[in-house]
1. If a paramagnetic tag sat 7 Å from the Cα of Leu106 along the Cα-Cβ line, which residues of segment 61-84 would have the backbone N under 14 Å from that point?
2. Could you run the Debye sum over the Cα atoms of segment 153-206, one equal point scatterer each and no solvent, and tell me log10 of I(q)/I(0) at q = 0.28, 0.31 Å⁻¹, two decimals?
3. In nm, to one decimal, how far is the modelled label at Cys206 from the one at His233, with both set 7 Å along Cα→Cβ?
4. Please grab the % of Cα pairs in segment 187-228 that end up more than 11 Å from each other.
5. Normalised by the residues of segment 162-317, what does the relative contact order come to in percent, with Cα pairs under 8 Å and at least six apart?
6. With springs only between Cα atoms under 10 Å apart, run a GNM on the chain and tell me which of Val129, Val34, Val111 wobbles the most.
7. Let me make sure I get this right: for segment 176-260, a, b and c are the square roots of the gyration tensor eigenvalues over alpha carbons, sorted descending. Under 1.5 in a/c it's rounded, otherwise prolate if a/b > b/c, else oblate. Which is it?
8. Taking a quarter of the surface of the convex hull around the Cα atoms of segment 17-88, what do you get in nm²?
Amino acid sequence: MTARYSATELSIFAYRLLTQAGLEPEKAHIAAEVLVEGDLLGHTTHGLSLLPAYLNDLESGSLAKSGKPEVIADFPAALTWDGMRQSGPWLTRLGIAEAVKRAKLLGTGTVVIRRSHHIACLAAYLRSVAEQGLMITLACSDPTAALVAPHGGKKGIYTPNPLASAWPTKDGIVMFDVSLSILAYNVLRRASAAKTKIAGKWMIDCEGNPTDEPDLVLNKPLGSLLPLGGMDHGHKGYALGLWVEALTGGLAGHGRTDPAEGWTATTFIQVCDPRLFGGEHSFVKQTSFIAEACRATPPRSGFDRVRMPGDMALAKRSKQLKEGVELFDTIIPNLIPYSEKLGVSLPKLV
């Protein structure tokens with residue numbers, strides 16, 4: 001029988017671990033919600049699997065237990081914060097709320113955050129904004145890591161730099177969260193731990209040879225992830241990855257030229273309110289037309305139907321809210337030592 005857990009039970013469990021580790025209650029509550037939302041949507045490498053690393057960084061001081069961001073620049077449509085090593089999910093939620101407020105007044109609201117701790121699954125932030133009739137774009141980079149080789153190169157220079165966005169249609173929202181390398185780094189680590197190969201030769205070893213062997217990337221001499229598009233069309237993912245570097249480190253004025261401080265994130269948040277552009281009705285009319293046209297397209301061999309980005313994740317979320325969250329099989333075992341150390345009971349099965 002598949003082990004499943006109530007989403008509420010998992011959020012309480014994560015909250016208790018984080019507060020016992022010293023994180024302020026509001027920050028722990030938001031971080032717990034965001035991590036569980038990642039698992040609800042099926043992003044199992046960026047849900048509760050991240051919690052042990054967050055707890056380790058709380059203990060080491062790399063993740064600040066309390067404090068507020070520092071304002072670097074504040075203009076009507078643009079705001080820049082120094083996150084001061086605060087909780088990434090908390091900072092991102094605060095930034096989104098500020099971007100929403102400004103977008104409703106000005107059409108767009110943009111918030112850039114530097115020196116945040118890791119922000120978890122980008123998709124976990126999208127739904128609530130798009131359901132307000134707004135469009136949101138999120139992107140982040142980690143200036144302390146160099147994992148992805150530029151197209152044509154054989155050494156990692158930047159991070160997978162995920163990009164996410166969501167917007168409304170008359171039949172629900174469209175949303176996506178994609179890494180600008182072919183696969184996320186945590187997928188690679190999980191495959192290495194399981195001693196399995198990657199599904200394709202989406203990485204290169206230290207000599208620049210394509211490989212599907214995780215350890216040829218993770219072990220020294222280090223290999224690299226390939227940009228989205230791989231060996232043949234990686235110039236596309238490479239360009240997009242550099243674009244995210246400009247949106248994050250560039251706009252934040254802080255990144256790869258500055259001293260490394262540990263696991264971090266530089267985050268770009270932009271919200272647009274269609275009412276202040278061509279109008280909400282016209283926006284939804286256009287987005288709904290293309291969504292309906294895509295869904296009505298006859299499926300090719302191997303597909304039962306054409307879906308919109310986010311359809312499967314949102315369906316999975318709805319199902320797991322009703323039936324319980326199915327966690328990846330290493331998540332709870334990896335959290336048992338923290339549960340025992342911090343005196344927090346494990347979540348109960350549904």
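Read-outs throughout are calculated quantities, based only on the coordinates presented, and are distinct from any laboratory measurement. Keep in mind that what you see is a predicted model, and the values were worked out from it rather than measured. As a convention, Cβ positions derive from the backbone with ideal geometry for all residues, glycine included, and neighbour counts pool all protein chains shown.
1. Of the residues in segment 61-84, 72-81 have backbone N under 14 Å from the label point off Leu106.
2. -1.18, -1.27
3. Distance between the two pseudo-spin positions: 3.3 nm.
4. Summing the P(r) of segment 187-228 above 11 Å gives 56 percent of all pairs.
5. This gives 20 percent for segment 162-317.
6. Of Val129, Val34, Val111, the most mobile in the Gaussian network model is Val129.
7. prolate
8. That works out to 5.6 nm².
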